[in-house]
Amino acid sequence: MSRSPSPRPGGWSSPGLNTPYDSGGRSSPFANGSSSSNNVTWASAQARSANVKGYTAFAPRNQGFFGKHFRRLSTSLPFSYGEKEKLGRGRGYQGNNKILQMLNRIGWNLWRLRKPLGTILTIILLYILFYATPLHRVYRRSWFGGGSKFVVILAANQGGGVMEWKGPREWAIERDSVKNKKKYTQKWGYDLEIVDMSTKKRYAHEWRESWEKVDTIRNAMRKYPRAEWFWWLDTNTFIMEPNYSLQNHIFKQLKDVTYRDINHYNPLNISHPLTDEYLDPETRSPVGDGKADSINMIVPQDCGGFNLGSFFVRRSVWTDRLMDIWWDPVGYEQKHMEWEHKEQDALEYMYKNQPWIRPHLAFIGQRKINAFPPGACGEKGDDPHIHYKEKERDFLVNMAGCEWGRDCWGEMYRYRQLSNRLNRNPWEKFKDAISDFFKARRDAKKKKQEQQKKTN
Amino acid sequence: MHFAMPPRKTSRPPPYAARNQSSLPIPPALKNLLRGGKLRTTALGILGFLTLIWLLRRTGSDAGANIPKVAIGSGPPVVVVTTIDPKADRVWADKIKKNREDYAKKHGYLTFFPENNQYPLNKSPHTWSKVPALRHAMTLYPGSTFFWYLDSAALIMNPSIDLQSHILKPSRLEELMITNEPVVPPDSVIKTFGNLKGDRIDFIVTQDKEGLVPTSMIVRNGEWAKYFLDAWFDPIYRSYNFQKAESHALEHIVQWHGTILAKLALIPQNILNSYATGPSNPKFGKYKEGDLVANFPGCARDKHDCAAEQKAYFDILEKDDD
């Protein structure tokens with residue numbers, strides 16, 4: 001063997017056993033065992049450490065009560081591990097073993113995965129908390145949600161008051177309409193401004209009848225100084241899809257859902273764009289400057305032209321000017337016999353004759369914000385531009401003109417029911433499905449019985 | 001030295017082998033974050049890419065209709081606009097044009113002389129043409145800030161006066177503005193606003209004995225000007241048979257529409273529109289020597305001869321030139 005024993009007295013130095021005082025085995029191998037002060041013996045080291053620790057070198061285990069009896073105590077406890085094993089073995093004969101094992105495994109796995117599981121659980125809990133408490137409303141209203149940028153102006157009591165006595169049906173219509181908008185605005189954190197149009201009826205003998213719309217919007221703008229968009233709604237409207245937010249439905253893709261070139265849908269045959277050479281290129285352009293942020297008013301068009309039953313205006317200097325010039329006594333004096341729809345006709349007139357309006361007014365598909373029921377703009381209700389389609393889940397129904405020969409309350413009731421049915425939650429759908437199933441069976445049975453009776 | 005066994009490779013490798021030093025000095029914290037294998041790097045890469053797309057979309061999505069926009073104020077400061085009647089005496093018309101051109105050249109302004117029948121007036125009086133003429137001038141010279149309409153019956157008598165320091169400087173305009181004055185004398189309930197700032201004024205006009213006179217007026221280029229001129233030019237006013245056509249229409253819209261009145265500055269008549277003849281403002285309307293403008297309102301109407309009426313004044317101007 002090449003590993004021969006040490007040729008020198010003193011042996012191999014073992015570094016682990018050397019004390020710090022030892023300056024290294026090999027450097028002074030011969031001093032080993034001699035009377036050098038560097039040398040530390042086992043006994044002396046033990047004595048020194050005993051001094052430091054302060055107790056005797058020999059300390060037997062299992063001293064004291066716990067030390068003596070710990071094992072016995074722990075095995076007698078109900079959760080003893082040693083005992084459990086025995087129990088498990090015992091129960092194996094009773095046939096519970098597999099279930100218990102499975103439970104055990106599941107528990108063990110859950111415990112092992114406690115970190116990711118805990119995070120997921122916390123997220124779910126926070127999610128539920130967010131939607132179960134008004135927290136989500138606070139968020140939607142805030143700057144992040146953007147809800148406070150929108151105000152819904154609902155004209156209540158239209159045509160009520162002095163001119164007509166309101167019956168229970170009118171009251172019911174109004175109650176439903178208001179409730180519908182209240183729910184919607186609360187859900188998305190918008191502001192709702194309900195304006196009583198009947199009070200203004202004292203102007204009926206004066207010029208400004210029906211132009212109160214302008215005054216009302218102006219008041220709302222003053223009342224909600226932080227809001228940007230104001231949505232005018234007539235009484236006879238119903239929001240069919242309260243789950244659509246205005247942001248997602250319209251304003252996030254404003255450029256795509258609106259059109260500024262009226263030739264896209266032009267029931268009034270307005271010639272567009274303007275061609276007079278004295279006008280600037282932006283005014284002559286069919287789409288203004290084509291940018292979404294130059295849109296200051298959004299108006300739907302029905303079969304007869306602009307429809308102001310549901311439209312948006314934005315707070316801007318342009319809007320101020322429009323609302324200022326909208327009603328003019330000279331225009332009124334000349335045209336009030338001709339302008340049956342008052343402010344609506346006046347707006348159409350201004351759109352035709354005052355070029356500055358065109359680059360900032362955009363149109364929107366009627367069905368986006370103002371779908372009609374059958375009876376308005378055609379009895380059948382099959383115009384794909386105008387009439388409400390249940391399948392496509394149109395946002396809002398405007399029962400325009402229902403007070404002339406149609407049943408306003410009937411329509412309102414029908415659309416409310418429809419909206420409720422379309423927007424059931426899964427649990428409600430499930431319950432309805434079950435009840436429908438039994439109903440259908442019962443009906444089928446009855447029919448059979450009747451048929452049998454007939455055949456008999 | 002001699003070893004009994006050949007030296008062995010160490011069984012304990014150094015815990016961290018130094019990586020190839022990259023040229024980019026990355027802070028150690030970030031380096032630690034990035035040191036997670038391929039997965040993390042790809043995730044970070046994707047995140048960075050998405051951020052980039054988001055940023056680009058934010059800035060560059062709204063391209064619009066690509067209409068060239070000229071910044072207001074980038075061109076000559078003032079454009080002098082005068083509508084010329086094509087049926088008027090050529091010699092006289094040329095003299096009127098030269099009067100404006102001399103003035104404009106002196107101060108670096110521009111001139112614009114459209115004919116008063118070139119706009120679609122629809123049978124309304126030709127005096128209405130000043131409104132689309134101003135709009136037209138703004139279309140042609142979008143970089144200019146102020147557009148001075150001066151009627152063809154008026155002469156610029158003191159070409160040395162610079163409009164900027166004479167009227168347009170905000171502080172000067174605030175001094176000149178007549179506030180709380182009935183828009184239509186003597187007792188209209190609508191009065192000019194006080195507390196208007198000079199730099200917020202978009203329309204400068206004067207008043208003679210009978211009311212606002214749009215024969216010499218200054219409009220600032222911008223969105224308001226489009227609104228104002230288009231509203232004024234509405235066919236509804238043109239077909240209404242106002243007694244004095246566009247000037248009564250102007251009085252009408254100023255009195256009924258606050259957004260117009262709020263941009264209007266009424267200044268003393270002799271600053272912008274002194275009358276050599278006619279019903280001048282009793283306080284300060286009569287032409288004196290040194291005034292910017294001498295106006296001969298109505299000289300073109302009723303077979304009056306503007307050239308004859310203005311002869312003495314043209315003589316003075318020509319003498320100054322020599």
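The values are calculated or read from the model by the stated rules, or taken from the named source; none is laboratory data. Keep in mind it's a predicted model, so treat the numbers as computed, not measured. Cβ placement follows ideal geometry from the backbone for every residue including glycine, while neighbour counts extend to all protein chains displayed.
Taking the residues in the stretch B:90-132 that are within 11 Å of residue B:152 (Cβ to Cβ) and basic (Lys, Arg) as candidates, determine which candidate is surrounded by the most Cβ atoms within 10 Å (Cβ to Cβ).
B:130
Give just the number: which of (1) modelled with pLDDT of 65 or more; (2) surrounded by fewer than 11 Cβ atoms within 10 Å (Cβ to Cβ) does residue A:78 not satisfy?
(1)
Looking at the stretch A:348-399, which of the residues that are polar (S, T, N, Q) and more than 13 Å from every other protein chain (Cβ to nearest Cβ) is nearest to residue A:265 (Cα to Cα)? Step through it out loud before you land on a result.
Of the stretch A:348-399, the ones polar (S, T, N, Q) are A:353-354, A:366, A:370, A:398.
Next cut, more than 13 Å from every other protein chain (Cβ to nearest Cβ) only: A:366, A:370, A:398.
On the way: A:366: 10, A:370: 15, A:398: 19 Å.
Filtering first and then ranking leaves A:366.
Just the residues that are crowded, with 21+ Cβ neighbours inside 10 Å and at pLDDT below 90, please, taken from the stretch A:387-412.
A:400
Any residue that is free of Cβ contacts under 8 Å to residues at least 60 places away in the same chain, surrounded by fewer than 17 Cβ atoms within 10 Å (Cβ to Cβ) and more than 14 Å from chain A (Cβ to nearest Cβ) - is there at least one of those in the stretch B:80-89? Write out each step before concluding.
Here is the first cut: in the stretch B:80-89, the ones free of Cβ contacts under 8 Å to residues at least 60 places away in the same chain are B:86-87.
Now drop any that are not surrounded by fewer than 17 Cβ atoms within 10 Å (Cβ to Cβ), which leaves B:86-87.
Checking the rest, the ones that are also more than 14 Å from chain A (Cβ to nearest Cβ) come to B:86-87.
Checked against the condition, which is being free of Cβ contacts under 8 Å to residues at least 60 places away in the same chain, surrounded by fewer than 17 Cβ atoms within 10 Å (Cβ to Cβ) and more than 14 Å from chain A (Cβ to nearest Cβ), the stretch B:80-89 yields at least one hit.
Can you give me the number of residues within the stretch B:177-219 that are part of a strand (DSSP E or B) and either surrounded by fewer than 17 Cβ atoms within 10 Å (Cβ to Cβ) or more than 14 Å from every other protein chain (Cβ to nearest Cβ) (or both)? Before you say what the answer is, go through the steps one by one.
Of all residues in the stretch B:177-219, those part of a strand (DSSP E or B) come to B:182, B:191, B:203-207, B:212-219.
Then drop every residue that is not either surrounded by fewer than 17 Cβ atoms within 10 Å (Cβ to Cβ) or more than 14 Å from every other protein chain (Cβ to nearest Cβ) (or both), which leaves B:182, B:191, B:204-207, B:212-218.
Going through the stretch B:177-219 one residue at a time, the tally reaches 13.
Out of the stretch B:114-139, which residues are within 14 Å of another protein chain (Cβ to nearest Cβ), not polar (S, T, N, Q) and not in a helix (DSSP H, G or I)?
Initially, the stretch B:114-139 is screened for residues within 14 Å of another protein chain (Cβ to nearest Cβ), giving B:114-122, B:124, B:128-139.
Adding the requirement that they be not polar (S, T, N, Q) leaves B:114-115, B:119-121, B:128, B:130-138.
Across the stretch B:114-139, the qualifying residues are B:114, B:115, B:119, B:120, B:121.
Here is a list: B:116, B:99. Which entry is within 22 Å of residue B:305 (Cα to Cα), touching a strand residue (DSSP E or B) at 6+ places or on another chain (Cβ under 8 Å), free of Cβ contacts under 8 Å to residues at least 60 places away in the same chain and among the polar types (S, T, N, Q)? Walk me through it before giving the result.
Values: B:99 fails: free of Cβ contacts under 8 Å to residues at least 60 places away in the same chain.
After ruling out the rest, the residue left standing is B:116.
Scan the stretch B:284-306 residue by residue and report those that are surrounded by fewer than 18 Cβ atoms within 10 Å (Cβ to Cβ) and modelled with pLDDT of 85 or more.
Applying the first criterion (surrounded by fewer than 18 Cβ atoms within 10 Å (Cβ to Cβ)) to the stretch B:284-306 yields B:284, B:286, B:288-290, B:298, B:301-305.
Answer for the stretch B:284-306, where residues must be surrounded by fewer than 18 Cβ atoms within 10 Å (Cβ to Cβ) and modelled with pLDDT of 85 or more: B:286, B:288, B:289, B:290.
Residues checked against (1) in a loop (DSSP other than H, G, I, E, B); (2) under 24 Å from residue B:139 (Cα atoms); (3) away from chain A (no Cβ under 14 Å):
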site	(1), (2), (3)
B:227	no, yes, no
B:242	yes, no, no
B:246	no, yes, no
B:251	no, no, no
B:270	no, no, yes
B:279	yes, no, yes
B:282	yes, no, yes
B:300	yes, no, yes
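Out of curiosity, is residue B:145 in contact with a Gly (Cβ under 6 Å, 6 or more places away or on another chain), more than 14 Å from chain A (Cβ to nearest Cβ) and closer than 21 Å to residue B:205 by Cα? Give the derivation first.
Details: in contact with a Gly (Cβ under 6 Å, 6 or more places away or on another chain): yes; more than 14 Å from chain A (Cβ to nearest Cβ): yes; closer than 21 Å to residue B:205 by Cα: yes.
Here the answer is yes, as residue B:145 does meet what is asked.
Yes or no, residue by residue, for (1) buried (at least 20 other Cβ atoms within 10 Å of the Cβ); (2) among the basic types (Lys, Arg):
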position	(1), (2)
A:226	no, yes
A:235	yes, no
A:238	yes, no
A:264	no, no
A:277	no, no
A:288	yes, no
A:296	yes, no
A:312	yes, no
A:324	yes, no
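Return the total of residues in the stretch A:332-347 being within 11 Å of chain B (Cβ to nearest Cβ) and surrounded by fewer than 21 Cβ atoms within 10 Å (Cβ to Cβ). Give the steps one after another, and end with the answer.
Going through the stretch A:332-347, the residues within 11 Å of chain B (Cβ to nearest Cβ) turn out to be A:332-335, A:346.
Checking which are surrounded by fewer than 21 Cβ atoms within 10 Å (Cβ to Cβ) leaves us with A:332-335.
Of the residues in the stretch A:332-347, 4 are within 11 Å of chain B (Cβ to nearest Cβ) and surrounded by fewer than 21 Cβ atoms within 10 Å (Cβ to Cβ).
Would you mind telling me which numbered condition in (1) surrounded by 17 or more Cβ atoms within 10 Å (Cβ to Cβ); (2) more than 16 Å from residue A:363 (Cα to Cα); (3) more than 9 Å from chain B (Cβ to nearest Cβ) residue A:328 fails?
Residue A:328 satisfies all of (1) surrounded by 17 or more Cβ atoms within 10 Å (Cβ to Cβ); (2) more than 16 Å from residue A:363 (Cα to Cα); (3) more than 9 Å from chain B (Cβ to nearest Cβ) except (3).
I need a count of the residues in the stretch A:288-325 that are within 10 Å of chain B (Cβ to nearest Cβ) and either touching a helix residue (DSSP H, G or I) at 6+ places or on another chain (Cβ under 7 Å) or closer than 19 Å to residue A:268 by Cβ (or both).
Count: 11.
Among (1) within 21 Å of the chain's Cα centre (by Cα); (2) surrounded by 21 or more Cβ atoms within 10 Å (Cβ to Cβ), which single condition is residue B:249 missing?
Of (1) within 21 Å of the chain's Cα centre (by Cα); (2) surrounded by 21 or more Cβ atoms within 10 Å (Cβ to Cβ), only one is false for residue B:249: (1).
Working only within the stretch B:229-240, note down all residues that are more than 8 Å from every other protein chain (Cβ to nearest Cβ) and of a type in the set (D, E, K, R).
Within the stretch B:229-240, B:238 is the sole residue that qualifies.
In the stretch B:156-175, how many residues are outside any loop (DSSP other than H, G, I, E, B) and buried (at least 17 other Cβ atoms within 10 Å of the Cβ)?
Taking the stretch B:156-175 first, the residues outside any loop (DSSP other than H, G, I, E, B) are B:156, B:163-168, B:170-175.
Narrowing the set further to residues that are buried (at least 17 other Cβ atoms within 10 Å of the Cβ) leaves B:156, B:163, B:167-168, B:173.
Here the count works out to 5.
Tell me yes or no: at least one residue of the stretch B:9-25 is modelled with pLDDT of 70 or more, surrounded by 10 or more Cβ atoms within 10 Å (Cβ to Cβ) and either among the basic types (Lys, Arg) or in a helix (DSSP H, G or I) (or both).
No - not one qualifying residue is present in the stretch B:9-25.
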